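S.K.: I have a structure I would like to understand better, so I am pasting it below and will then ask my questions one at a time.
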There are 2 protein chains.
Amino acid sequence: MNAASNRQHFRGMLAGQRLRITRQREAVLGVLAEAGAPLTVESVYLKLRERDAAICLSTVYRILATLAGKGLVTKSSTPADHRSRFALTTDRHCHHLVCLGCDRRVPIADCPLKELEQALHRNTNFAISGHTLEIYGYCPACQETNA
Amino acid sequence: MNAASNRQHFRGMLAGQRLRITRQREAVLGVLAEAGAPLTVESVYLKLRERDAAICLSTVYRILATLAGKGLVTKSSTPADHRSRFALTTDRHCHHLVCLGCDRRVPIADCPLKELEQALHRNTNFAISGHTLEIYGYCPACQETNA
DNA sequence: GTAACTGCAAACCCTTTGCAGCCCC
DNA sequence: GGGGCTGCAAAGGGTTTGCAGTTAC
């Protein structure tokens with residue numbers, strides 16, 4: 001997808017949720033689209049500053065909270081790191097294998113929890129709305145470094 | 001287990017890790033033992049105050065950090081809540097079904113991830129050190145309240 | 001024009017830390 | 001007695017908020 005069509009896509013996403021199209025919101029969506037993986041609020045902010053986008057950190061927070069509320073981005077949090085991370089919401093539900101050394105993230109193809117959730121609903125009558133799953137460890141490169 | 005034997009047990013846990021036995025540490029262990037589920041630092045602190053135990057919040061933080069370092073308690077963090085929680089370390093590895101309405105936590109018997117972790121290790125050569133899994137939704141009572 | 005949005009700075013919550021005094025060993 | 005532990009208060013990091021000015025519609 002090129003820059004121009006990306007931009008059209010972002011505008012459609014915002015308009016579809018009755019959100020105003022602002023330079024800042026487009027820029028945040030652009031950074032998340034390029035990243036592909038969940039980013040901390042601070043790194044979104046820093047990437048924007050690198051590309052000379054004038055924006056305030058609290059605005060990044062507000063934009064991400066708004067977009068998360070509309071479901072356009074998804075918030076996640078890592079153990080061993082108290083900062084929130086955000087990524088564009090994808091249709092595909094997916095988890096990550098996270099390296100505790102270098103923060104590299106490898107997507108995991110399947111979600112093994114659908115059956116478990118159905119069983120839990122039957123057993124407990126909870127209305128299950130979601131789950132978090134993250135597997136962490138050290139990638140081959142970081143294992144060598146720390147050895 | 002009655003109060004006296006609990007107390008003996010706590011002393012053994014502390015001494016076994018070469019930690020000094022203090023009134024505050026015994027009290028923190030007592031609160032966690034009664035709770036059974038992971039507690040926030042603040043709720044540990046409040047429960048101690050309720051029972052007239054003179055203790056400072058930062059001491060609770062320090063005690064829990066120390067005990068977690070020795071493996072006597074286990075730290076966990078919930079999505080949708082940036083606060084850490086602590087529970088007595090149990091032999092049994094276990095996850096929870098959490099109610100987003102009232103914070104009630106129901107333990108889930110099995111961990112469905114052992115096989116997945118082994119497969120991931122084979123495929124990626126990551127040294128896998130752990131995972132987080134939490135399933136959330138609304139318990140029957142909260143479903144009625146919000147209906 | 002007007003409501004939504006942004007920038008700025010201050011406030012907020014959770015957590016950590018420096019230091020002086022206390023208490024377990 | 002001495003070092004580990006605690007209380008207190010202040011600082012730290014991430015996040016939220018009040019308000020005035022700006023901008024999209």
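S.K.: In nm, one decimal, shortest first: how far is the label point of A:H121 (7 Å from Cα along Cα to beta carbon) from the matching points in the other copies?
M.R.: Copy-to-copy label distances at A:H121, shortest first: 3.4 nm.
S.K.: Same structure, new question: Past 31 Å, Cα to Cα: identify those pairs from A:K70/B:K47; A:K47/B:K70; A:K75/A:K114; A:K114/B:K70; A:K75/B:K75; A:K70/B:K70, in the order given. Each step should come with its number before you reach the end.
M.R.: Details: A:K70/B:K47 38 Å; A:K47/B:K70 39 Å; A:K75/A:K114 20 Å; A:K114/B:K70 35 Å; A:K75/B:K75 21 Å; A:K70/B:K70 43 Å.
Where the Cα-Cα span goes over 31 Å, the pairs concerned are A:K70/B:K47; A:K47/B:K70; A:K114/B:K70; A:K70/B:K70.
S.K.: Residue by residue through the range B:112-118, which ³J(HN,Hα) values in whole Hz follow from phi under the Karplus form 6.51 cos²θ - 1.76 cosθ + 1.60 (θ = phi - 60°), with glycine and proline marked x?
M.R.: Once θ is set to phi - 60°, the couplings for the range B:112-118 become x, 10, 4, 5, 4, 5, 5 Hz.
S.K.: To continue, here is another question. Taking amide hydrogens as modeled 1.01 Å from N in the peptide plane, which residues meet the under 5 Å criterion relative to A:V73, leaving out close sequence neighbours?
M.R.: A:A68, A:T89
S.K.: Would you tell me the accessible area of A:H121, worked out with a 1.4 angstrom probe on the heavy atoms of the protein chains, in Å² to the nearest 10?
M.R.: For A:H121, the solvent-accessible surface is approximately 90 Å².
S.K.: Mind jotting down the distance between the C-alpha centroids of the range A:35-68 and the range B:1-52, whole Å?
M.R.: Using only Cα atoms to place each centre, the spacing works out to 42 Å.
S.K.: Follow-up. State, to one decimal in nm and shortest first, how far the label point of A:A53 sits from each corresponding label point in the other identical copies (label point: 7 angstrom along Cα-to-Cβ).
M.R.: Computed spacing set for this position: 4.9 nm.
S.K.: Report, largest value first, the span of the C-alpha coordinates of the protein assembly as shown along each principal axis, in whole Å.
M.R.: On the principal axes, the protein assembly as shown reaches 72, 55, 40 Å in Cα extent.
S.K.: More than 17 angstrom separation, counting every C-alpha pair in the range A:2-116; what % is that? If you can, show how the numbers build up before the last one.
M.R.: Details: 3741 of 6555 pairs.
That fraction is 57 percent.
S.K.: If r is the Cβ-Cβ distance from B:R18 to B:Y61 and R0 is 25 Å, what FRET efficiency results, to the nearest 0.05?
M.R.: Numbers: r = 21 Å, r/R0 = 0.83.
Between B:R18 and B:Y61 the formula returns 0.75.
S.K.: Relative contact order (percent) for chain B, with alpha-carbon contacts under 8 angstrom and 6 or more residues of separation? Intermediate results must be reported in sequence, preceding the final value.
M.R.: Details: 146 pairs, mean separation 24.9, N = 147.
So the answer I get is 17 percent.
S.K.: Turning to a different aspect of this structure: Can you compute the FRET efficiency between A:Q143 and A:D81 using 1/(1 + (r/R0)^6), with r the Cβ-Cβ distance and R0 = 25 Å? Round to the nearest 0.05.
M.R.: Working: r = 20 Å, r/R0 = 0.79.
FRET efficiency, A:Q143 to A:D81: 0.80.
S.K.: So what are the ³J(HN,Hα) numbers for the range B:45-58, from phi and the Karplus equation (6.51, -1.76, 1.60; θ = phi - 60°), rounded to whole Hz, Gly and Pro as x?
M.R.: My calculation for the range B:45-58 gives 4, 5, 5, 5, 5, 4, 8, 6, 8, 6, 7, 9, 4, 5 Hz in order.
S.K.: Whose amide H sits under 5 Å from the amide H of B:H95, counting only residues 5 or more places off or on another chain, with H placed in the peptide plane?
M.R.: The list, which skips near neighbours in sequence, is B:I108.
S.K.: Counting only heavy atoms of the protein chains, get the accessible area per residue of the protein assembly as shown (1.4 Å probe) and round it to a whole Å² value. It would help to have the intermediate numbers written out before the result.
M.R.: Values: 17320 Å² over 294 residues.
So the protein assembly as shown comes to 59 Å² accessible per residue, rounded to a whole number.
S.K.: Let me ask another. Before we go on, tell me the buried accessible area for the B/A pair, both chains summed, 1.4 Å probe, in Å² to the nearest 100. Mind showing how you got there, number by number?
M.R.: Numbers: alone 9970 and 9970 Å², together 17320 Å².
What B and A bury together is about 2600 Å².
The values are calculated or read from the model by the stated rules, or taken from the named source; none is laboratory data. Keep in mind the model is a prediction, meaning the values are calculated, not measured. A quick note on method: Cβ atoms are made from the backbone with ideal geometry, for glycine too, and the neighbour counts reach across all protein chains shown. Each accessible area value is taken on the protein alone, full model and side chains, heavy atoms only, with ligands, DNA and RNA left out. Shrake-Rupley method; radii C 1.70, N 1.55, O 1.52, S 1.80 Å.
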